[in-house]
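One structure is given below, encoded as structure tokens.
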Amino acid sequence: MVEEARLEDVGSGLTPVSPGWFVVNVADAAWLRNDAFGGRCVFESSGRVLAERPDLEPQMFAETGFTLAVLEPGKPSGMYHAESAQEDFLVLSGTCLLLLEDEERLLRAWDFVHCPAGTRHTFVGTGDTPCVLFMTGARREGDTIVYPVADHALVHGASVDTETDSPHVELAMPGLSGPRLEARLERSPARSGVFSASKSGRASANT
């Protein structure tokens, strides 16, 4: 029988601190925020989530990664890149610009994006309100990532100047070092109006 994981508040919300199944509401979960790429809830206890609790052991999902991202207008979700595993995305609210290979597509709520392995892509928030994007990707041993140079992404501040396969390239972006990378309770999108409680008591994205 699979045991229930223990959830603990690590300063930015609840995160699993032991193996097992769990249920957590987005409004209660741990969030990360930085100046370059907005807010993110990853649902697992990564090293970044545990920045203020180095005494705890990270608990990572073995097979699939999940991220709930809040894109601010004019800012990218991350650097233009391609991974060696499948990724999929669903826009929950707001609008964003999809940069995919040499194409640009404006997305709105409930648009779904499928990226087979090797697909170059990123997203940029548009409009005057945040865009909420659900991301998921497969995880396999030996996974790789590449950050190519792309002029159409460079316009939005979402491309490297020199191609690299370093998974740490995004950490070198302005606003992604020091305390700005730490989990912050007071700046969590779930606590700043992006999500609100529905009648069922669960968080829902404001549209």
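Structure values in brief
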| read-out | value |
| --- | --- |
| Theoretical FRET efficiency, 1/(1+(r/R0)^6), r = Cβ-Cβ of E63 and F112, R0 22 Å, to 0.05 | 0.60 |
| Difference of contour (0.36 nm per residue) and Cα-Cα distance, R140 to R53 | 28.6 nm |
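Coordinate-derived values only; no laboratory data. What you see is a predicted model, and the numbers here were worked out from it, not measured in a lab. Heads up, the Cβs are rebuilt from the backbone with ideal geometry, glycines too, and the neighbour counts pull from every protein chain shown.
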